[in-house]
1. Of all accessible surface on the chain at a 1.4 Å probe, what whole percent is carbon and sulfur?
2. Show 96, 238, 140 ordered by accessible area, largest first, where the area counts protein heavy atoms only and the probe is 1.4 Å.
3. Write down the Kirkwood hydrodynamic radius of segment 1-147, to one decimal in angstroms, obtained as one divided by the mean of 1/r over all alpha carbon pairs.
4. So for 102, 89, 191, 2, what's the accessible-area order with a 1.4 Å probe, most first?
5. Placing +1 at every Lys and Arg Cβ and -1 at every Asp and Glu Cβ, with all other atoms neutral, what dipole size does segment 4-109 have around its Cα centre, in debye to the nearest 20?
6. Over what distance in Å are the Cα centres of segment 166-184 and segment 104-160 separated?
7. Please work out the Cα center distance from segment 25-58 to segment 194-255, rounded to the nearest Å.
8. What is the angle, in °, between the Cα long axis of helix 148-169 and the longest principal axis of the Cα atoms in the chain? Nearest 10 is fine, range 0 to 90.
Amino acid sequence: DRRRQLTQHHTATHIINAAARTILGNHVNQSSAKKELDKAYLDITHYDALTEEETKEIEEEANKTIQKGIAIKLEFMPRTTAEQKYGMRLYQGGAVPGKVIRIVEIPGIDVEACGGTHLNNTSEAEQIKILKTAKVKDGVVRITFAAGNAAKQKEKAQDEMLAKVMKVLGVTEKQIPYRAQEVFVKWKAARKALSQKKIMHSREFELTSKQEYDGEDILKKAAELIKSQVPHLEQTLVKFKKELEEFKKQIQKLQ
């Protein structure tokens, strides 16, 4: 299981690299990469941070490659023959030593000199989920992702978090970000009023927002709006709601 997961991340790295080149342009090359069991990352050459739309398009393009079920060709070739056939773009992961090099080709998608463990068919990667992207330095963008079972586990964890946050806020999935923001804004207002011993009407504590968010990453947006992080979102909202209720009781005593 461990080997299969690492193999999925190896092949997924090639798939995402090709997908990024398709979406962003021919200037995209691999700068570096790292594969772990629960996730992996690929650093690509690109001049700016990725937008949410670009990230979505890269993920969709990568998963199209998986769905096509393309047989992956693995063969050893003399270096000069490989370079003449495929060009210097072979060396995505850096220079490969030896007069004979191993070529990993996803026909029509990507070809690289690579000694890593790989799948026999793109369909064996199962699915790719991009977890986050970030500009790590000038001209380099990092794409953190998960493939195969790791991607399924990430999706399961995300679904569980969504369910918990919906319950805390008493809203639908799309209503989460702006209801979370409403909790945060009213929490700040109540805290300030209490410190200044100002009266607030009971309606000012009511949570009424039903505005829906049409973006892709609902939990990320909610975390941004309340100045938190996704892993801490549920507990932060629970804290804000509890303290908001306490502030309300204390302010009512001032009346």
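The values are calculated or read from the model by the stated rules, or taken from the named source; none is laboratory data. If you're wondering where the values come from, they're calculated on a predicted model, not measured in any experiment. Here Cβ is always computed from backbone atoms with ideal geometry, including for glycine, and neighbour counts include all displayed protein chains. To get the accessible areas, we keep the full protein, side chains included, count just its heavy atoms, and leave off ligands, DNA and RNA. Shrake-Rupley method; radii C 1.70, N 1.55, O 1.52, S 1.80 Å.
1. Here it works out to 48 percent.
2. Highest to lowest solvent-accessible surface, that is 238, 96, 140.
3. That comes to 15.2 Å for segment 1-147.
4. 2, 191, 89, 102
5. On the way: 14 positive and 14 negative charges, 149 e Å.
Magnitude of the dipole: close to 720 debye.
6. One Cα centre to the other: 31 Å.
7. Value for the Cα centre distance between the two parts: 35 Å.
8. That works out to roughly 10 degrees.
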